[in-house]
Amino acid sequence: MGQAIAAILGDAGHELAGGIDQGGDPATLAANSDVLVDFSSPKALEANLDAAIAAGVPVVIGTTGLEERHHWLIDSAAESIPVLQTGNTSLGVTLLAHLVRQAAASLGEDWDIEVVETHHRMKVDAPSGTALLLGEAAASGRGIALEGNSERGRDGITGKRGIGAIGFASLRGGTVAGEHSVMFLSDNERLTLSHSAENRTIFARGALRAATWLIGQKPGRYGMSEVLGL
């Protein structure tokens, strides 16, 4: 992702202040940047947030696999600086989440919801951050919390499907950049909302748009929906 973002910066009229990988110093980078874009790993998030806070610069977080502690750190950082966190920076996925929320709000519990995602064989977390983002959108549309209302990793004799549950299925293989479908299934009919990513450039473009938008915003926690005005 770092290489993908660097590749499009020049054409967009922006300058790359620098980049860091494992073992690098985020404080030096933050001090010379207008905004940080973080596509690293959950274990690097705290140091990157500390660097952004110290430098007083906003940060876009596209890192996936985050746990409750990481979201607490993001909430804390958002009291001092603008922070945009998302499971997917694609503008198409952002709109997809909006449509999923609308569909879930309009259709009743007799419509089962399943989120299906496919990624390349090297991806280490499942469900993907995007799948969870879409699941959260569906749960929000129904006015429920995703935690406690999702079904994952079905195997063996699992019993019948829970009423109102949001299911997840994760597929891994090849070099798939990312495919996500949200299925709404009822008796005798099915609605599927889908998005396919052909390469990482779409995420880089979305991250750049998010970073540009975030500069000048007030401290707080934001998402891609604000970038698109949804």
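Please treat every number below as a calculation from the coordinates, not as lab data. Here the structure is a predicted model, which is why all the values come from computation and not from measurement. No Cβ is skipped: glycine too gets one built from the backbone with ideal geometry, and neighbour counts run over all protein chains shown.
Stretched out straight at 0.36 nm per residue, the stretch from Asp125 to Glu46 would grow longer than its current Cα-Cα span by 26.5 nm. In sequence order, the stretch 164-178 has phi-based couplings of x, 6, 10, x, 10, 9, 10, 10, 9, x, x, 10, 4, 6, x Hz under the Karplus curve 6.51 cos²θ - 1.76 cosθ + 1.60, θ = phi - 60°, and Gly or Pro positions carry x.
Close amide H contacts of Gln85 (hydrogens built in the peptide plane, cut-off under 5 Å, sequence separation of 5 or more or a different chain): Ile61, Tyr222. Counted without the sites themselves, the longest stretch of the chain free of GluC sites (Glu not before Pro) in a DSSP loop having at most 14 other beta carbon atoms within 10 Å is 16-66.
The stretch 16-58 and the stretch 113-130 have Cα centres spaced 26 Å apart.
Extension gain, Asp34 to Thr158, is 39.6 nm, computed as 0.36 nm per intervening residue step minus the present C-alpha separation. Based on C-alpha pairs under 8 angstrom that are at least 6 apart in sequence, the stretch 58-155 has a relative contact order of 32 percent. Ordering Thr86, Thr212, Thr192 by the number of other Cβ atoms within 10 Å of each residue's own Cβ, fewest first, gives Thr192, Thr212, Thr86. Where only DSSP H runs of four or more residues are counted, the chain gives -11500 deg cm²/dmol as its mean residue ellipticity at 222 nm, each run worth -39500 (n - 2.57). Note on the chain: dipole from Cβ charges, positive end direction compared against Gly164, Trp213, His70; the farthest Cα belongs to Gly164. Going from the residue with the fewest nearby Cβ atoms within 10 Å to the one with the most, Val83, Val93 rank Val93, Val83. Computed over the chain, relative contact order equals 26 percent, with contacts defined as Cα pairs under 8 Å that lie 6+ residues apart.
The phi torsions of the stretch 118-126, fed into the Karplus equation with coefficients 6.51, -1.76 and 1.60 and a -60° offset, translate into couplings of 10, 9, 4, 5, 8, 5, 9, 10, 8 Hz, rounded to whole numbers, with Gly and Pro shown as x.
Working from label points 7 Å from Cα in the Cα-to-Cβ sense, the Gln217 to Leu95 distance is 2.0 nm.
Counting other Cβ atoms within 10 Å as a rough exposure proxy, the listed residues Arg161, Arg221, Arg121 run Arg121, Arg161, Arg221 from fewest neighbours to most.
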